[in-house]
1. Tell me, what ³J(HN,Hα) does each residue in the stretch 203-217 have, in order and in whole Hz, if you take phi through Karplus 6.51 cos²θ - 1.76 cosθ + 1.60 with θ = phi - 60° and put x for Gly and Pro?
2. Net charge near E217: determine it from the other residues with C-beta under 15 Å of the C-beta of E217, scoring Lys and Arg +1 and Asp and Glu -1.
3. If each of F147 and A128 carries a label point 7 Å out from its Cα toward its Cβ, how far apart are those two points in nm?
4. Taking the Cα centroid of the stretch 189-208 and of the stretch 21-45, what is the distance between the two, rounded to the nearest whole Å?
5. What net charge is computed for the residues neighbouring N228, neighbours being all others with C-beta under 15 Å from the C-beta of N228, Lys and Arg scored +1, Asp and Glu -1?
6. Where in the stretch 24-61 is the amide nitrogen less than 17 Å from a point lying 7 Å along the Cα-to-Cβ axis of N74?
7. If you put +1 on each Lys and Arg Cβ and -1 on each Asp and Glu Cβ, how big is the dipole of the stretch 1-113 around its Cα centre, in Debye rounded to 20?
8. Taking θ = phi - 60°, what integer Hz values does the Karplus form 6.51 cos²θ - 1.76 cosθ + 1.60 yield along the stretch 13-30, in sequence order, with x for Gly and Pro?
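Please treat every number below as a calculation from the coordinates, not as lab data. Treat the numbers as computed from the prediction; the structure is a model and nothing was measured. Note: ideal-geometry Cβ built from the backbone for every residue, glycine included; neighbour counts use all protein chains shown.
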Amino acid sequence: MTQLLIYETAVPVSGGRHGKASIEAGQGFAFARKVNSVPLMALEFPEAAPEYAIVFAQSGDDVVPVAILGARQNENLYLAEDNSWRGRYIPAFIRRYPFVFSTSEDGKTFTLCVDESYKGLNYEGRGAALFNEDGKPSPHVDRVLKFLQEYRAQFLRTQQFGKKLKELDLLEPMQAQFTLPAGDKMALTGFMAVDRKRLKALKGEQLASLASTDELELIYLHLQSMRNFVAVKDRLVGQATKDGASPAATEGAAQEAGSKPNGAAKAAAGPEPVAAKPNGQGSKESDHSKGKRGAGSSAN
């Protein structure tokens, strides 16, 4: 089964193993504390763009959109100390947890899985049961299946969007630079963005094709969202202040944040990480899901 970003022990849902299991909601988002970016579906751009920087990362042969959540390794700046989400919109990749589809090698069979490390999974009857007394999947499981099937459909649409951006050669490597309260500089690398000059240079029929599929709107939402790197910087500075930085140092840190072309950035094999580089020297940060989630699975 594909190893996914926030799942520790994802196993197939079955009546034999989970016949008496229930899912208790309201356990917070601690499972996402150590991720600094998550995959984003094209359908989510209008809701996500006002709050998150949306960029693109390499995932095998595909290019996938991701929402930036943090600027350093194992850091999610959208997660509060009490594990609540510090944002109006929560990405679907996060909301589907603790469930996920695993995919067969031929890509034709999808199996519903649950992360057994999730604190809300219990056998004391708290929350929504996974199976009815007759052993059949519960209405809650039916709703989960519908959600994941829709997620799969949106993933396929998003995958085509990424292919179109590659075909038109619109993407270029980028990096975001930040100055920390103590004066140290760091860069967030390993992602790509649409180049405005290349976009303006497209032929009329190419722009018309993008507009007819609403992909041109997605591009402009992506470009508009890049300003949210400033919000990431503000959250980073705020976290540093809690950790003991002086107000004067924090004020100085606010003077630099943004993104710029980085021709030296390179793609890694497999899902491309978004990497943090303190002082320009660093290692990659976190792996993305390959996006293999499917439709039509069933719980046995």
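1. 6, x, 5, 5, 5, 5, 5, 5, 5, 5, 9, 6, 6, 5, 4
2. The answer is -2.
3. If labels sit at F147 and A128, their model points lie 0.6 nm apart.
4. What the calculation gives is 31 Å, centre to centre.
5. Net local charge, N228 excluded: +1.
6. 30-37
7. For this selection, approximately 300 debye.
8. Those phi angles translate into 6, 8, x, x, 9, 10, x, 10, 7, 9, 10, 9, 6, x, 8, x, 10, 4 Hz.
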